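Okay, handing you the structure first.
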Amino acid sequence: KGFNVYTGLEWINLQSLPDNEDPKQSKIEVVFQKDNANYAEFSTRLFDPIVDGDYDKALAKVNGLLYETLHGQMVGATIETEQKSATIGGLEFNLFILSIKYPSAQVITIEIYSRLFENNRELTASILYALPEQGDLMRDAFKSSVFGK
């Protein structure tokens, strides 16, 4: 309640992002947005083990690249990370958390839940928040999700 809901195409247009038709790249499915600093984005992509290799190793590489990119762009900020698993809808997801602390004492947290399904489709839920109570709302909503295999 109180969030705007956007389809992937609406979000791409709203953010002036390039449209991506490559099935091997991430496709934004839906976004729930409270404001620019509190939103959840859900995307899917085809994971090809022949090209991408081991899923856990590929995911660790992506998480490392994300950290390095943010670390290079957030001058003066400190970034703490945590990697663990989380059970959502009875399924185990990889969870990568980044907490970005700015010199102004503002904290932005990004929680990235990722899981590979049987059809080699990866689901990624990225929850970004500046207000912990908004993060709690989005996380609780995601944790009540139900999935197939």
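Could you go through the stretch 125-142 in sequence order and give the Karplus-derived ³J(HN,Hα) for each residue, using 6.51 cos²θ - 1.76 cosθ + 1.60 with θ = phi - 60°, rounded to whole Hz, and x for Gly and Pro?
Each residue of the stretch 125-142 in turn: 10, 10, 10, 10, 8, 9, 9, x, 5, 6, x, 4, 4, 5, 5, 4, 5, 5 Hz.
Something else: So, by mean Cβ neighbours within 10 angstrom, what's the order for 65-78, 33-46 with the highest one leading?
Highest-to-lowest ranking by the protection proxy: 33-46, 65-78.
Please give the calculated 222 nm ellipticity per residue for the chain, where each DSSP H segment of at least 4 residues contributes -39500 (n - 2.57) and the sum is spread over every residue; nearest 500 deg cm²/dmol?
Roughly -8500 deg cm²/dmol at 222 nm, from the helical runs in the chain.
Provide the per residue accessible area, probe 1.4 Å, for the stretch 77-149, rounded to a whole number of square angstrom.
Accessible area per residue, the stretch 77-149: 51 Å².
Where in the stretch 90-149 are there chymotrypsin sites (Phe, Trp or Tyr not before Pro) that are in a DSSP coil and have at most 15 other Cβ atoms within 10 angstrom of their Cβ? Walk me through the numbers on the way to the answer.
On the way: sites: Phe93, Phe96, Tyr113, Phe117, Tyr129, Phe142, Phe147; in loops: Phe117, Phe147.
Within the stretch 90-149, the qualifying chymotrypsin sites (Phe, Trp or Tyr not before Pro) (loop, at most 15 other Cβ atoms within 10 Å) are Phe117, Phe147.
Separate question: Carbon and sulfur: what percent of the chain's accessible surface (1.4 Å probe)?
Heavy-atom surface of the chain belonging to carbon and sulfur, 1.4 Å probe: 53 percent.
Could you tell me which of the pairs Lys34/Lys84; Lys34/Lys61; Lys27/Lys61; Lys84/Lys143; Lys61/Lys84 are separated by over 24 angstrom between their Cα atoms in the structure shown?
Lys34/Lys84; Lys34/Lys61
From the backbone phi of the stretch 31-48, what are the Karplus-calculated ³J(HN,Hα) couplings (6.51 cos²θ - 1.76 cosθ + 1.60, θ = phi - 60°) in whole Hz, Gly and Pro given as x?
After applying 6.51 cos²θ - 1.76 cosθ + 1.60, I find 9, 10, 10, 8, 7, 5, 10, 8, 7, 10, 10, 10, 9, 10, 7, 7, 9, 10 Hz.
Percent of alpha carbon pairs in the stretch 45-149 separated by more than 20 Å?
Counting every Cα pair in the stretch 45-149, those more than 20 Å apart make up 45 percent.
Same structure, new question: What does the net charge come to around Asn4 if you take all other residues with beta carbon closer than 15 Å to its beta carbon, with K and R at +1 and D and E at -1?
Once all neighbours under 15 Å are counted, the net charge is -1.
The values are calculated or read from the model by the stated rules, or taken from the named source; none is laboratory data. Note that the structure is a prediction, hence the values are computed from the model and not measured. Neighbour counts are summed over all protein chains in view; Cβ atoms, including those assigned to glycine, are modelled from backbone coordinates with ideal geometry. Each accessible area value is taken on the protein alone, full model and side chains, heavy atoms only, with ligands, DNA and RNA left out. Shrake-Rupley method; radii C 1.70, N 1.55, O 1.52, S 1.80 Å.
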